[in-house]
Amino acid sequence: MQGTGNDFLFVEARDPDERAWTALSQAICERHYGAGADGLIVVLPSDRADVRMRLFNADGSEAEVSGNGVRCLVKYTIERGIAKPRDSRVTIEAVHGILEAEASMDGETVTAVRLSMGPPRFVPNEVPVIAEMEPVIDFPLEVEAQRLLVTCLSMGNPHAVLFVEGPVERYPLAALGPKVEHHPAFPQRVNFGVAHVSAPDRMEVRVWERGVGETLACGSGCCAAMVAARLHDLVGDRVEIEQVGGMLTVEWDGKGDVYLSGPAEFVFEGDWPEEK
């Protein structure tokens, strides 16, 4: 499945530890010798929500959450009959807590998903980031002899957002992304977003994702970028965010949950051969 180009492979399981998911995600997400994806999502039963998920990045590391991945998961579980929406709503158990999503339906088909990502977290040890300020705004980061002023927060996973004056497509993300991801200020690594605000309701964003590299879209990264922009008084409560893979909508009133809206699509399905 893909959500604005951010693609995931889905596997259903009964036991969260029934397979070596790290090894499987590395093999199956490899784009040349595997099926190819940004991550592997394991669909599991839940005692706390309609469905439980575990997410493994392409490098095998386990991630807390993915906004695009959860939106795809909602479509997957509804259309496969795993979850039955109540008032168009489905709950998802992720590593960091319970998420709630609202599905737009056309008959039995999910056409779009509006996901509550929960409130942003600004306490440094909850991001986590080694910093002595709260919130962590314009935090100076020394990278490759450059001084980057980043805003750090958690959307259930750690983010550092850098605002740039020109188009984000010109930013050397491939060169600096890995340096920021592995910077010692981030004990659990970090997702690095580069953002440009073109209007109070419009932004451009590119994200270097922890454990993946640059992706065509990053839902939690867009949420983090919008929250950071609002902290800087650059945007209003609702922003359309353009990424390479398409548009997402992020809403935040400055005090409650962050909401992420956008499409999700099936791409293909098939069998993965068991190792001999």
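The values are calculated or read from the model by the stated rules, or taken from the named source; none is laboratory data. Note that the structure is a prediction, hence the values are computed from the model and not measured. Here the Cβ positions follow ideal geometry from the backbone for every residue, glycine too, while neighbour counts run over all protein chains shown. Just the protein is used for accessible areas: all its heavy atoms, side chains included, with ligands, DNA and RNA removed. Shrake-Rupley method; radii C 1.70, N 1.55, O 1.52, S 1.80 Å.
Would you be able to say whether some residue in region 146-161 is open to solvent by 60 Å² or more (accessible area, probe 1.4 Å) and modelled with pLDDT under 95?
First, the residues of region 146-161 that are open to solvent by 60 Å² or more (accessible area, probe 1.4 Å): 146-147, 149.
Now narrow it down to the ones that are modelled with pLDDT under 95: 146.
Yes - at least one qualifying residue is present in region 146-161.
Checking K179 against (1) crowded, with 24+ Cβ neighbours inside 10 Å; (2) within 26 Å of A145 (Cβ to Cβ), only one condition comes out false. Which one?
Only one criterion is unmet by K179, namely (1).
Could you say whether any residue in region 25-35 is in a helix (DSSP H, G or I), more than 21 Å from S220 (Cβ to Cβ), modelled with pLDDT of 95 or more and not β-branched (V, I, T)? It would help to see each step written out before you state the result.
Of all residues in region 25-35, those in a helix (DSSP H, G or I) come to 25-29.
Filter once more, keeping what is more than 21 Å from S220 (Cβ to Cβ): 26-28.
Then keep just the ones that are modelled with pLDDT of 95 or more; that gives 26-28.
After this cut, where a residue has to be not β-branched (V, I, T) as well, the list is 26-27.
Yes, region 25-35 contains at least one residue that is in a helix (DSSP H, G or I), more than 21 Å from S220 (Cβ to Cβ), modelled with pLDDT of 95 or more and not β-branched (V, I, T).
Anything in region 177-215 that is part of a loop (DSSP other than H, G, I, E, B) and among the aromatic types (F, W, Y)? List them, or say none. So that I can check it myself, show each step before the final result.
So in region 177-215, the residues part of a loop (DSSP other than H, G, I, E, B) come out as 182-190, 200-201, 210-212, 215.
Once the filter is applied, which keeps residues that are part of a loop (DSSP other than H, G, I, E, B) and among the aromatic types (F, W, Y), region 177-215 yields only F186.
If you go through region 85-99, how many residues are surrounded by fewer than 17 Cβ atoms within 10 Å (Cβ to Cβ) and touching a strand residue (DSSP E or B) at 6+ places or on another chain (Cβ under 8 Å)?
Going through region 85-99 one residue at a time, the tally reaches 4.
Sort through V136, V70, V129 and tell me the only one that's farther than 29 Å from L149 by Cα, in contact with a strand residue (DSSP E or B) (Cβ under 6 Å, 6 or more places away or on another chain) and modelled with pLDDT of 95 or more.
V70
Which count do you get for residues in region 20-29 that are open to solvent by 50 Å² or more (accessible area, probe 1.4 Å) and touching a residue at least 12 places away in the same chain (Cβ under 8 Å)?
3
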